[in-house]
Amino acid sequence: MARDGDVGPKMMADAPMTAFQFAIVLLCCVINVADGADIVAMAYAAPLLTKEWGIRPELLGIVFSAAPVGMGVGAFFIAPLADRFGRRLIVLSAVAGVGAAMLLTGISTSVPMLAAMRLLTGIGLGTLLASLTVTVVEYTNQRWGNFFIAVLHIGFAVGVSLMGLIAAALSEPYGWRAFFLFGSAMNAAILVIGLFFLPESVEFLTESQPRRALERINRIFARIGRTPLDALPPRSVKVKNNLGILSLLDPQLRRPTLLLWAASIGYAVVGYYHLNWTPHVLADAGVSTNLAISSGFFTGTGAIAGNLAMGVLSGRADPVRLTAWFFAGSALALAAFGMSAPNIVGMFACATLISFFTLGGFSGLMIVSSRQYPALVRSTGVGGVVGFGRLGAVIGPVLGGLLIGAGVETWGSYLVFAAFAAIPFAMLLLLGAGNRENATAADAAE
């Protein structure tokens, strides 16, 4: 039997990873692949919906914004439940909900129904975005943790890229509904796998210590190949997890929390404008509908490279400062996209760079935020960053629709969004400065 001192919140962080832990990370990445496909499906359906239903840009912007609103609801109110009821239950319930919502989107017959189903899809996706990040953190060690958080979000980018190819293949023979039916089928398959394979977080069981916690931990340890425990260790951190989002405004957490929330808002304005409106902007610039839809392959590939770069570099450099400079790159790429219009090659190249820096920067935000909070408020903390960012995710698509509907030139619109990309750049520089001051003060006190 293992000694009590051998376990606790650092048990996964300090020990070498096993094949079973790598498999858990892989499953989380597969779930995020489906999430990426689900969130971007409406962007690829938009040109076809505009032709079939004659939807005005202003109404299409509302449909685009429904999923981000739902993501805010899921991140704020559903993801924190994982701090009380466990990661497994919340993750699997969210996968099931997204699958059902995608199916109903595929059979929608009106704009209000589309918006409602995208809202429900967003609730599940917001829950998963926070809960999957926490699951990866708690099943990886200190050496590989940041890298695998970035790999997790590569899964999202892979889904965006995959749906771009699938949409291009399905659009002519089957129409836009096939995009959502395909997404529903992916989620159903993942749910079946997760029911048999995804375990509860050992760190959650150790810190919350629900009924039969020791038995459940030892079953997981048997699958991992570790020595079973003879008793539960003492909780390493005592926190109140019944205050929800308010627990993040504790004096020790308030400043970094507010800075991360502001950074997330700025990211989401840019990221969701780029995600939803890029195919439409390219089509307006003279690109064929199919080629505009398939732009998702290029932007998805850029996002994959950005996430991978963040994962590799964050193990060698300060993640806070690195993430700040990624958003500086995003601002420059947005400005360059607007200035390059209507040059198609330049626009595709800049769109790829926007994805590289913006999605890589988002992985950086998740790395920073997931390390900020103790286990029993970790889902709440990451969910708060994700959820607060949904304000920006609502603003981005709606603002994009208003600018396009008002006839604003492409260069002008993209300068507006470049300014929004400067917000996370500034917030993260402030966060890094504060962290260095706190570290200096702590060293002086010792």
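For segment 136-159, how many residues meet the condition of being in a helix (DSSP H, G or I) and either open to solvent by 10 Å² or more (accessible area, probe 1.4 Å) or not β-branched (Val, Ile, Thr) (or both)?
Looking only at that region, the number is 16.
The C-beta contact set for segment 25-51 (first residue under 25 Å from Tyr139 (Cα atoms) and open to solvent by 10 Å² or more (accessible area, probe 1.4 Å), second residue of a type outside the set (Gly, Ala, Ser) and part of a helix (DSSP H, G or I), distance under 6 angstrom, 6+ apart or interchain) comprises Cys29/Leu152; Val33/Val158. Among the residues of segment 363-377, the one identified as modelled with pLDDT of 85 or more and open to solvent by 10 Å² or more (accessible area, probe 1.4 Å) is Val368. When segment 162-181 is filtered for residues that are part of a helix (DSSP H, G or I), out of contact with any Ser or Thr (no Cβ under 6 Å at 6 or more places or on another chain) and in contact (Cβ under 8 Å) with a residue 60 or more places away in the chain, the ones remaining, listed by number, are Leu162, Met163, Leu165, Ile166, Ala167, Ser171, Glu172, Arg177, Ala178, Phe179, Leu181.
Annotation note: Cβ proximity below 8 Å between a residue of segment 113-142 that is of a type in the set (Phe, Trp, Tyr) and a residue that is not in a helix (DSSP H, G or I) (sequence gap 6+ or interchain) occurs for Tyr139/Ser201.
Do the conditions hold for Ala393, that is, is it on the phi < 0 side of the Ramachandran plot, open to solvent by 10 Å² or more (accessible area, probe 1.4 Å) and part of a helix (DSSP H, G or I)? Talk me through it step by step, then tell me what you get.
Values: on the phi < 0 side of the Ramachandran plot: yes; open to solvent by 10 Å² or more (accessible area, probe 1.4 Å): no; part of a helix (DSSP H, G or I): yes.
No, not satisfied.
Does Thr301 satisfy the condition of being among the β-branched types (Val, Ile, Thr), in contact with a Phe, Trp or Tyr (Cβ under 7 Å, 6 or more places away or on another chain), in contact (Cβ under 8 Å) with a residue 24 or more places away in the chain and open to solvent by 30 Å² or more (accessible area, probe 1.4 Å)? The answer is no for Thr301.
Filtering segment 329-351 to residues that are assigned to a helix (DSSP H, G or I) and surrounded by fewer than 22 Cβ atoms within 10 Å (Cβ to Cβ) leaves Gly329, Leu332, Ala335, Ala336, Gly338, Met339, Ser340, Ile344, Val345, Gly346, Phe348, Ala349.
Taking the listed residues Ala317, Ala309, Ala324, the one that is assigned to a loop (DSSP other than H, G, I, E, B) and either under 19 Å from the mean Cα position of the chain (by Cα) or surrounded by fewer than 17 Cβ atoms within 10 Å (Cβ to Cβ) (or both) is Ala317, with no other qualifying.
The values are calculated or read from the model by the stated rules, or taken from the named source; none is laboratory data. All of these numbers come straight from a predicted model, not from anything done at the bench. So basically every Cβ, Gly included, is an ideal-geometry build from the backbone, and we count neighbours across all protein chains shown. Keep in mind that these areas ignore ligands, DNA and RNA; they rest on the heavy atoms of the full protein, side chains included. Shrake-Rupley method; radii C 1.70, N 1.55, O 1.52, S 1.80 Å.
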